[in-house]
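The values are calculated or read from the model by the stated rules, or taken from the named source; none is laboratory data. Keep in mind that what you see is a predicted model, and the values were worked out from it rather than measured. Here the Cβ positions follow ideal geometry from the backbone for every residue, glycine too, while neighbour counts run over all protein chains shown.
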Amino acid sequence: MSTRLQMGRGAAARSLFATAALALSSLAAHAALPIQHWTQPSGAKIYFVAVDALPIVDVQIDFDAGSRRDPAAQAGLADVTADMLDKGVAAKGAEPAMDENALGEAWADLGASFGAGAGSDRMSFTLRTLSRPDLLDKAVALAARQIGEPSFPADIWRRERERIVAAIREANTKPGTVVSRAYGKAVYGAHPYGYDANEETLGRVEVADMRGFYTRHVAPCRAKLSIVGALDRAQADRVASALLSRLPAAADCQPLPPVPEVEALKAAKVDRIAFNSAQAHVLIGQPGYPRRDPEHFALTLGNYVLGGGGFVSRLTEEVREKRGLAYSVYSGFSPGLSAGAFSIGFQTRPDQADEAVKVARGVLEKFVADGPTASELQAAKDNLIGGFPLLLDSNRKLVGNVANIAWNDLPLDYLDTWTARMNAITVADVKTAFQHKLQPERMVTVIVGAKP
């Protein structure tokens, strides 16, 4: 095939994507679309939403292979393993090996995209392609090769390790990096959520370690596939099977070892780290809650009032508007399979860091004790419920929401009942939830940039 023809095919596919984007506004009603769920003979769990408004198929495949599975001495292993998955595929039979350049050109020719990445809990693969059969089949086949036959080239890993280490060294010159690292260790202790990928831990990672990690954690029986697009159930099932077809089937797919829960903090701690910067960086917090917690809705609404609502939050009113101690201040929960952190964060002048911390902690203590007012809660509901359709106005966003349901074992009608469940939350619910989850008297405070 000529290069001109190959480029033409990719351009045509991209043009179809652009044309399809004109129909995205119709996707805001997707919450009413049913999620179909089944388990394949391999053990792979499929979550599928049929959407024919766009000639697009979006797939997300998740495995329990995030950084919570890293060995402590090799922190960063999951992340670099995922990053290496687009650096080449191995030869098999009549199919030649492909390096990173060949893979990039192949995806460009198809006008499709494929990626892999690892977060704290999961390793995820994403595929986006047009649903036209000739393009879909080729995109699925190429994605299957990357998932099932990564080559992990040693020379590329040596190059990538040098690049990553250089980026870490550069990041270490910034106060934001220093405060985040110290805060993670203080909040999570020995839990993997607090592991720090650095030059030493990455220096212990070799290609054999990546292959071993990948083989242990990535198998069809461990997969959760979320599929959204212009397919029917039978087609979605075939796509799922094809994507996993090159992974070796696990002979005995036993559950992975449990990861310990994040331990609660036993006492308050203030960590001051000297740093030559114009602004002091401050983080205050503690372990929060796992995503499966039934008080999630109350905590989401309460946090909007406390510090998640931007310029209308209590923290902004007290820290910024009344006292001018920071340009911006926020609070937030980061729930995962384990209890992710609750955090308050801001930057301020080093000489007023203590005052800003005192004010922020006072706002938090009052909120935990009293909860929101009825008008604050209603404003939070109006904002979050009003913005809910924007979370579903594209195939890509919808597949992300379906993957969230799949990963956290949420009810299949989660999107359909989301608004009603938010509306049902009361002031008492928020107050109770915050008192269950937060203990201001035992929180960690990390200040980077102020005098020790």
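Things worth noting here:
- Selection from region 138-167 of residues that are touching a residue at least 12 places away in the same chain (Cβ under 8 Å), part of a helix (DSSP H, G or I) and not small (Gly, Ala, Ser): Lys138, Val140, Leu142, Arg145, Gln146, Ile147, Ile156, Trp157, Glu160, Arg161, Ile164, Val165
- Test: residue in region 203-223 that is farther than 30 Å from Ala144 by Cβ and assigned to a helix (DSSP H, G or I): yes
- Residues of region 226-255 satisfying the condition of being in a loop (DSSP other than H, G, I, E, B) and in contact with a Ser or Thr (Cβ under 7 Å, 6 or more places away or on another chain): Ala230, Leu231, Ala249
- Taking the listed residues Ser375, Ser338, the one that is over 22 Å from the mean Cα position of the chain (by Cα) and either in a helix (DSSP H, G or I) or surrounded by 15 or more Cβ atoms within 10 Å (Cβ to Cβ) (or both) is Ser375, with no other qualifying.
- Test: residue in region 279-286 that is touching a Phe, Trp or Tyr at 6+ places or on another chain (Cβ under 8 Å), of a type in the set (Gly, Ala, Ser), under 20 Å from Pro150 (Cβ atoms) and at pLDDT 95 or above: no
- Contacts under 9 angstrom Cβ, first residue in region 239-267 being touching a residue at least 24 places away in the same chain (Cβ under 8 Å) and hydroxyl-bearing (Ser, Thr, Tyr), partner surrounded by 15 or more Cβ atoms within 10 Å (Cβ to Cβ) and not in a helix (DSSP H, G or I), 6 or more apart: Ser241/Gln40; Ser241/Ser42; Ser241/Ala44
- Pro255 vs. criteria at pLDDT below 95 and either outside the structural domain of Ser42 (by TED's automatic domain parsing) or at negative phi (or both): yes
- Hey, Ser331 more than 30 Å from Ile56 (Cα to Cα) and under 20 Å from the mean Cα position of the chain (by Cα) or not: yes
- Residue within region 242-259 that is closer than 17 Å to Ser124 by Cβ and in contact with a strand residue (DSSP E or B) (Cβ under 6 Å, 6 or more places away or on another chain) present: no
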